[in-house]
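The values are calculated or read from the model by the stated rules, or taken from the named source; none is laboratory data. Model, not experiment: these values are computed from the prediction. Cβ placement follows ideal geometry from the backbone for every residue including glycine, while neighbour counts extend to all protein chains displayed. Calculation scope for accessible area: heavy atoms of the full protein, side chains included, ligands and nucleic acids excluded. Shrake-Rupley method; radii C 1.70, N 1.55, O 1.52, S 1.80 Å.
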Amino acid sequence: MPCLADLSLPDHSDILGRHTSLAVGAFVLVLVGVVLLVRRTSAARNDIELQLRKLGEAPSIGHLPVEPVRGTDPLAAGWNALLERVSGRAALDRLEQRLRESQSGSTSTQLSAVLNSLSDGVAVTDLQDTITSANSVLRGLLGQSGHEDAAGQSMLTMLSELCGPDAVSIRERMTRSSRPVVMEARRGEQIADGVLRVARKPVLDGSSHVTAYVWSIRDITQQKLAEDMRNQFVYTATHELRTPLANIKAYAETLAGHSDIDFEQQKQFYNTISSEATRLARFVDELLNVSQMESGALSLTRHETDMLRLIEEVVEHVQPEIRRKSIAFASHTPPKLPRLTVDKDKLIASMVNLLGNAVKYTPAEGQVRLEVEVDDRCLHLHVEDSGIGISEDERARIFDKFFRSSDARVQEINGSGLGLAFTQEVARLHGGSVSVASELNKGSRFTMSLPLEQDTRPQDRSQ
Ligand code: ADP
């Protein structure tokens, strides 16, 4: 049985003591929790504060010295969420920037590829005449290599150096006004030295102020040479047709209108009419030959030919003129010559051109010499004269169609400027060549070389 004392109520002070210690324990626990929470929160805050300070000192926003902080409290969570958004935006911005760069890069690469593919030189200059950009053709025209940069140089200075004879007029026209200008400029005294078409247009802003100039430069040398040849042709054709026609008409009218002309004089008139008609026919033949040469239709009809006999025929053609001008003529031919498979008529016409020119361009009582020599590969025909000769400038052009020397002594002699072009083509079709050595006022020496082994297969015209 429990004693009475055991059944009594617990002591009040005991209960109070126990509750007090429980409350103190709980309070300490809460306090520790709060302290821990405050410490963690203030560590995150310190971290954030430090990073914000660094951000303030950073040179650009592109170098963000920020990173997430540790912790799960609202401050850390908010900071970390903010960073995530910002870095996502920055990545997006970087991507957009890269896209824009690659787009504008590829547009400018495309543009410069297009400019470089043009056949004209193109450049842009500022108002001080400084080149700001130029394509590769322009750099080539200005004598620069593809990799050199024309930018920064003066366009007018470069053009003036390039087009010596027209330097002054280029400068004058381009500085006179800012209006569009198109002009032709020569690179040397001759057309063959080069001719450029220079065009300059102003670039205007919204208020019609000139902000820059665009230049385009085209090499028109070939076009000018073709125009020159056409003019030469018109001049030559008019002269070569009109003169014999006028003579034929005059002599025929005289013969028809005067019954009292004696027989000898009549004969002389008929001879003149006949020789003028021959001259006309020869010119028409030369024109036909040229048109055949142009179209690639000039072909050879080959036969095995006695070259000694062929050369005698050539001399016979020119003999009357040799006698008329009292030319001292000498011919040196080996007693035997090989037989070659050639186009006899075209070869005779070509050699007559060479010998005929020697007589034509040598004053009366001068000397002309014909020599034939054969080596193990070729037959060489040399025609040498003591005539007016050919200047160094013109020597390279005498084989051009319609070219005639500007020398007054040549101008007063009839000629079409087609003979040597034909002669050279005939030699080429035979696998041979024609060369010239000459000194002005001393004389000339033309050589036609023909291979002994004639390749009788059809010729490749592109050679
Ligand atoms: P053409 O004699 O009808 O003018 P060619 O084609 O035969 O035409 O000759 C072209 C030019 O070459 C001549 O106009 C002349 O200026 C020059 N030439 C040709 N042969 C001689 C020569 N032997 N001596 C001097 N000049 C010549």
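Over the stretch 358-463, average the accessible area per residue using a 1.4 Å probe and give it in Å², no decimals.
On a per-residue basis, the stretch 358-463 sits at 50 Å².
Students often forget the sequence filter, so: which lysines lie under 17 Å Cα-Cα from residue 442 once same-chain residues fewer than 8 apart are removed?
360
What's the angle, to the nearest 10 degrees (0 to 90), between helix 307-324's Cα axis and the longest principal axis of the chain?
So the helix axis and the longest Cα principal axis differ by about 70 degrees.
Residue 317: accessible area at probe 1.4 Å, nearest 10 Å²?
About 120 Å², rounded to the nearest 10.
Sort 332, 380 from largest to smallest accessible area, using a 1.4 Å probe on the heavy atoms of the protein chains.
Heavy-atom accessible area, descending, gives 332, 380.
Would you kindly find the accessible area of residue 327, with a 1.4 Å probe and non-protein molecules such as ligands, DNA and RNA excluded, rounding to the nearest 10 Å²?
In the full protein context, residue 327 sits at about 20 Å².
Work out how much length residue 442 to residue 243 would gain on full extension: take 0.36 nm times their residue separation and subtract the Cα-Cα distance, in nm to one decimal.
68.6 nm
Using a 7 Å offset from the Cα along the Cα-to-Cβ direction at both residue 129 and residue 365, what is the distance between the two label points in nm, to one decimal?
It works out to 6.0 nm between the two label points.
Return the whole-Å distance between the Cα centroid of the stretch 238-305 and the Cα centroid of the stretch 392-431.
Answer, in whole Å: 21.
Report relative contact order for the chain in percent, whole number only (criteria: Cα-Cα under 8 Å, sequence separation at least 6).
RCO, the chain: 8 percent.
With a 1.4 Å probe and all protein chains in place, put 303, 382 in order of accessible area, largest first.
303, 382
Percent antiparallel among DSSP beta bridges with both residues in the chain, to the nearest 5?
The antiparallel proportion sits near 90 percent.
Once you put a point 7 Å from the Cα of residue 399 and another 7 Å from the Cα of residue 266, both along the Cβ direction, what distance in nm separates them?
Label-label distance for residue 399 and residue 266, simple model: 5.1 nm.
Starting from the alpha-carbon convex hull of the stretch 182-330, give the projected area averaged over all orientations, in nm².
Result: a mean projected hull area of 19.0 nm².
Just the Kirkwood number for the chain, please: inverse of mean 1/r across all distinct Cα pairs, in Å, one decimal.
32.2 Å
Any idea what % of Cα-Cα pairs in the stretch 118-219 are farther than 16 Å?
For the stretch 118-219, the share of Cα pairs beyond 16 Å comes to 55 percent.
Using a 1.4 angstrom probe, figure out how much accessible area the stretch 118-219 has per residue, in square angstrom, rounded to the nearest whole.
In whole numbers, the stretch 118-219 has 53 Å² accessible per residue.
Per residue, how large is the accessible surface of the stretch 225-293? Use a 1.4 angstrom probe and give square angstrom.
Per residue, the stretch 225-293 has an accessible area of 67 Å².
Can you spot the lysines whose alpha carbon is less than 21 Å from residue 336's alpha carbon? Ignore those fewer than 8 places along the same chain.
Reachable lysines: 344.
Need one word for the stretch 278-376: rounded, prolate or oblate. Basis is the Cα gyration tensor (sqrt eigenvalues a ≥ b ≥ c); a/c below 1.5 gives rounded, then a/b vs b/c decides.
Oblate is the answer for the stretch 278-376, as a/c is 1.5 or above yet b/c matches or exceeds a/b.
In terms of solvent-accessible area of protein heavy atoms at a 1.4 angstrom probe, what is the ranking of 138, 52, highest value first?
52, 138
Which aspartates and glutamates have a Cα less than 19 Å from the Cα of residue 54, not counting those fewer than 8 places away in the same chain?
67, 84
How much of the accessible area of the chain, probe 1.4 Å, is carbon plus sulfur, in whole percent?
C and S fraction of accessible area: 55 percent.
If you average 1/r across every pair of different Cα atoms in the stretch 308-463 and take the reciprocal, what Kirkwood value do you get, in Å?
16.0 Å
Across bins of 5 angstrom width beginning at 0, how are the C-alpha pair distances of the stretch 345-394 distributed, in whole percent?
Here the calculated profile for the stretch 345-394 is 4, 19, 22, 22, 17, 12, 3, 0.
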